[in-house]
Amino acid sequence: MQKVEEYVGVPIFNRAKNKLSLNDAGKEVVKYANFVTEAERTMKERAVYVYNSSSNLYVGSVAPGPMIKYGNLLFLTFPHKQIISKIEPQEDLINKLLNGNYDFIFTYSKVDNNLLVSQLAFQENLYVTVPRTCFLAGVTNGVHFSEIDGQSFLVSNNLGIWDNIVSKNLPKSKFFPQDMENLYDIVNASTIPNFSTNITLPLKAELDRISLPILDDEAKVTFYLVYRKQDKRNLNSLLKLIMNKSCKYD
């Protein structure tokens, strides 16, 4: 503490018998020390990002769907970079994009910020997949959340925004999270329903199950690709491909 006072140049503690407390100058030091600590953390994060930016592409998303849909496209568009992706809440993604921790992100709504651009990407629709022996197997048009609430479901870990949607709309249901790499085998050997989407249905084509669209509006998520205006030139090739509705990856 004495070294801190020597560094600042003035006393920053009130000293009394068996008691030590900050004076007004000390409180000011603490306030600015928090700023310095945060600046140091940001400095380290930015240094790591700049060092890695030449070889890595950082992509954030609110759900797995965008990376499943556009993963191959990203590898082909940026063949010399390693794609590093992470699922996080939308607010965190936006803040980290503005701070330069992500090259671009996928959100579930347009972002209102003058420094950012939101481009419509695609819509993902939720399905429930059930064994052919399930009571829902004879349904043809689809189901509503209310019709399946109370059932148990096998789900993948960390589905982002979809976790919030299913838990909100299926309050009576129980969910059994599984690692993504094991989920396919577990579902294939089980009679418990699970979820899919129009993006992941082709990946589950070999499963002996029936996939029923969930008809509620809450079962549809529109994704946006969000990037910094200053980065548009660097992402131009990717943006054109995503905008092209006839692109073979769409």
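Data table
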| read-out | value |
| --- | --- |
| Pair list, Cβ < 7 Å and 6+ apart or interchain, from the stretch 64-87 residues that are touching a residue at least 12 places away in the same chain (Cβ under 8 Å) to residues that are part of a strand (DSSP E or B) and open to solvent by 30 Å² or more (accessible area, probe 1.4 Å) | Pro64/Ile87; Met67/Ser85; Ile84/Tyr58 |
| Any hit, the stretch 60-73, residues being open to solvent by 40 Å² or more (accessible area, probe 1.4 Å), assigned to a helix (DSSP H, G or I), closer than 30 Å to Met180 by Cα and touching a helix residue (DSSP H, G or I) at 6+ places or on another chain (Cβ under 9 Å) | yes |
| Qualifying residue in the stretch 51-62 (condition: free of Cβ contacts under 8 Å to residues at least 60 places away in the same chain, out of contact with any Lys or Arg (no Cβ under 6 Å at 6 or more places or on another chain) and closer than 30 Å to Tyr127 by Cα) | yes |
| Output for the stretch 141-184, where each listed residue is open to solvent by less than 70 Å² (accessible area, probe 1.4 Å), farther than 27 Å from Gln90 by Cα and not in a loop (DSSP other than H, G, I, E, B) | Val143, Ile148, Ser152 |
| Residue count for the stretch 1-21, restricted to those that are without any contact (Cβ under 8 Å) to a residue 12 or more places away in the chain, in a helix (DSSP H, G or I) and surrounded by 10 or more Cβ atoms within 10 Å (Cβ to Cβ) | 1 |
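The values are calculated or read from the model by the stated rules, or taken from the named source; none is laboratory data. In this text the structure is predicted, and so the values were computed from the model without any measurement. Note: ideal-geometry Cβ built from the backbone for every residue, glycine included; neighbour counts use all protein chains shown. Side chains included, ligands, DNA and RNA excluded: accessible areas come from the protein's heavy atoms. Shrake-Rupley method; radii C 1.70, N 1.55, O 1.52, S 1.80 Å.
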